[in-house]
Amino acid sequence: MQESIAYSGVSRSVDYAAGDSRKFRERWDVWHVAPLHAVHVDCDRLRSRPSPNALKALRVDTSLSKDFGPIDLGAMVEHGGLDIMCLNKYCNSSSSSSKSDREKTFFKKLKVSLTENYPQKNAEVLSAQYGTHLLLIGASLMLALANRGPFVKEEHLLSFITTLMILQLLWMLWYIVRKDRQRSLVSEKDAHAGTSWIRGGLTLLALLSLIMDAFRIGYFVGYQSCVSAVIVVYPIIHAVHTISQVHFLWFHIKDVINRYKTFERFGVIHAVFTNLLLWCNGVMSEAEHFMNNHKRRLSSLGFDNHSIGEFEPDCNCTTSACTMFSSSVYYLYPFNIEYHIFVSAMLFVMWKNIGRTIDLQANRKKPTTRTTGLIVGPILGLVALASTIGILVVYIIHVEKSPEMRETAIVMFYCFGIVMLAFMCAAGGTGLLIYRAEGLPMDTSKNPSRQLDAEVLLGSSVGSWLMSWCSVVAVTATQSNPQYRWCSLVYSLLVVLEKYVQNLFIVESLYRKRAEAGEVCEEHEVATGGTTATPEMFSVAASMGPPYDGIINRAYDSQDKCCGALESEQVENGQVYGCARKHTEVPLPMGPGLEDKGKKKRQILKNIAVFLFMCNISLWILPAFGCRPQYDNGLEQETFGFAIWTTVLNFAIPLNLFYRMHCVASLFEVFRKV
């Protein structure tokens, strides 16, 4: 029999009763901070051979502590006590040695506290603040650059962004190498983070961004004699950054990091805010280009003469393709902008997953349902998409002609938008009514990806709502009465209503639990108010169920959860054992009526999701490629002034574009889930 005595830095006395009634007393007076040690004393040997000579053979087992060595207890007991203070193998009479030992202990504790045991909430807050400061520094440079002053130039901003991209490349390289060396370790994955179709869409956007980088390289190569080298290096680093980041998204975005958590938090958040800064830079460049075109158009139509601050190199182009490169770049900016904002959202989910414990039950990926009966939704969506392309071409051509043609183009846009938004409101409302009729419960399990989707929907709606309410104020307050005045009012109110309905439909679709096997029968039983035993009689597992004679077998009910946790633990330890599973109840078909009813509901919801999916693509295409009547109708500019209204539009339109593209992604997920 062995007894463990643990000393934690306090004075204590322990009495041992020996066979001859001798008292073995030890006292430990610890005056310095030391780690907790475990000292194992063989008490049976102490009782059977209590003499000092026999105690010389008694040793202290120090296998659990590196600060102890084998110590002879007999000599200590002869002097009337055991001074545990001298058990430390570093203990000696030298004060310099004690001081050195205390310094080693202090630095060791400091190292552990800064790496392994650092409070994760503090690490999360610190890393978030670090990323916020990166974004604010970049935003400050952008604001100074927008003033076109002589002190802050484009090279300074691009140098800062290039440095951030290089740092992110180094972190991604370190992470990939570390994961490759730890391939034998089983790492947890978040099944809901970064689905394959989202990564495929981002790959397509990344290819278009690479084409934009090639155009920028070709443009600045033509002006290499008079531009800074940073302007040429930036698209090269951006191309390498894009390729490396797509590789990282495909193979590591689902990882749940549980090692080096503090360091990895800073690495992931650095990547998040680097992409946000690239998004802001793209938005600023695209908005500046559009504003210059708008000012040029106003000047050609005889309106106020605004100064155009467009950057042009001080030398002539050495190639004949410079004009083609410069005009093509701005048509690719919308794809580059959406790429970076989507990547930052996916990396933010990865950052939220750091240190998370995955719930195996909630982390299982639901199988997708078969797609049948898709007719109305795709047809209406294709009609909306084809009409959008026609409206875009006509608007861009007519808005640059005479004021009468310009006014006709604006009226045409508002009428088209009113019809499309009305159909979208009706479709979303129908979907909500179907969900209310089904009455299925909401899924409240923890899912950072789904939570971020809901928050982003609300956050990105703010820009469009601000723009709409400013238009409502302008329409009601202005004294002018153009043809499109009241069309603008109806369009603005429908934009607010459509986002309300669509946000509710998407969030409810993502959070609504799917009907599993047998729930249709239960729904029918609740609807008819019956309590028949038919489902149990025709249940495959009726004879396999647990005993139920007034006593609920809780162990049987929780068997699946226990087995899931046990198997995941065994897989991590490299062990594989079988675990008895509870048989799942799979009721036999109850008749074609209930099955057809559920199938029709799913068909309607899928058609709604497809229709809204294509409508949101249409409403993204129009402002992304220059169809922005908010700049051209003049009502808001009369009420708020040119400077204030353009500031509102520069804030609201990028958010509206992101909202539409995020709705496209969310609605595709809804289509797969229904």
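Annotations
- Looking across region 170-198, the residues that are crowded, with 17+ Cβ neighbours inside 10 Å and part of a helix (DSSP H, G or I) come down to W171, M172, Y175, I198.
- Flag for I354 being surrounded by 14 or more Cβ atoms within 10 Å (Cβ to Cβ), part of a helix (DSSP H, G or I), among the hydrophobic types (A, V, I, L, M, F, W, C) and touching a residue at least 60 places away in the same chain (Cβ under 8 Å): no
- Exclusive hit being within 21 Å of T408 (Cα to Cα) and of a type in the set (V, I, T), set T444, T478: T478
- The residues on offer are V496, V501, and the sole one that is of a type in the set (A, V, I, L, M), under 30 Å from P441 (Cα atoms) and touching a Gly at 6+ places or on another chain (Cβ under 8 Å) is V501.
- Only one of the listed residues (S460, S480, S509, S471) is assigned to a loop (DSSP other than H, G, I, E, B) and modelled with pLDDT of 50 or more. That residue is S480.
- Looking across region 239-292 at every residue that is outside any helix (DSSP H, G or I) and basic (K, R), the one that is farthest from P448 (Cα to Cα) is identified as R259.
- Extreme residue, farthest from M284 (Cα to Cα), among residues of region 301-318 that are of a type in the set (S, T, N, Q) and at pLDDT 75 or above: T318
- Helices (runs of 4 or more DSSP H) contained entirely in region 621-674, each with at least 1 residues that are crowded, with 20+ Cβ neighbours inside 10 Å and within 19 Å of the chain's Cα centre (by Cα): 642-673
- Qualifying positions in region 426-452 - within 16 Å of the chain's Cα centre (by Cα) and surrounded by 15 or more Cβ atoms within 10 Å (Cβ to Cβ): N447, P448, S449, R450, L452
- Residues of region 136-157 that turn out to be over 26 Å from the mean Cα position of the chain (by Cα) and assigned to a helix (DSSP H, G or I), as a count: 9
- In region 242-277, the residues that are hydrophobic (A, V, I, L, M, F, W, C) and more than 17 Å from the chain's Cα centre (by Cα): I243, F263
- Comparison of L466, L452 shows that the only residue that is under 23 Å from I198 (Cβ atoms) and touching a residue at least 24 places away in the same chain (Cβ under 8 Å) is L452.
- Residue match in region 435-448 (condition: modelled with pLDDT under 85 and part of a strand (DSSP E or B)): yes
- Which numbered condition Y500 fails, given (1) in contact with a strand residue (DSSP E or B) (Cβ under 7 Å, 6 or more places away or on another chain); (2) within 30 Å of M350 (Cα to Cα): (1)
Residue by residue, here is whether (1) touching a residue at least 12 places away in the same chain (Cβ under 8 Å); (2) of a type outside the set (V, I, T); (3) on the phi > 0 side of the Ramachandran plot holds:
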| residue | (1), (2), (3) |
| --- | --- |
| Y175 | yes, yes, no |
| R181 | no, yes, no |
| S184 | no, yes, no |
| S187 | yes, yes, no |
| T203 | yes, no, no |
| L210 | yes, yes, no |
| F220 | yes, yes, no |
| Y223 | yes, yes, no |
| I236 | yes, no, no |
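- The set of residues in region 387-404 that are surrounded by 19 or more Cβ atoms within 10 Å (Cβ to Cβ) and not in a helix (DSSP H, G or I) contains only V399.
The values are calculated or read from the model by the stated rules, or taken from the named source; none is laboratory data. Since this is a predicted model, take the numbers as computed values, not measurements. With ideal geometry, Cβ positions are generated from the backbone for all residues, glycine too; neighbour counts draw on all protein chains shown.
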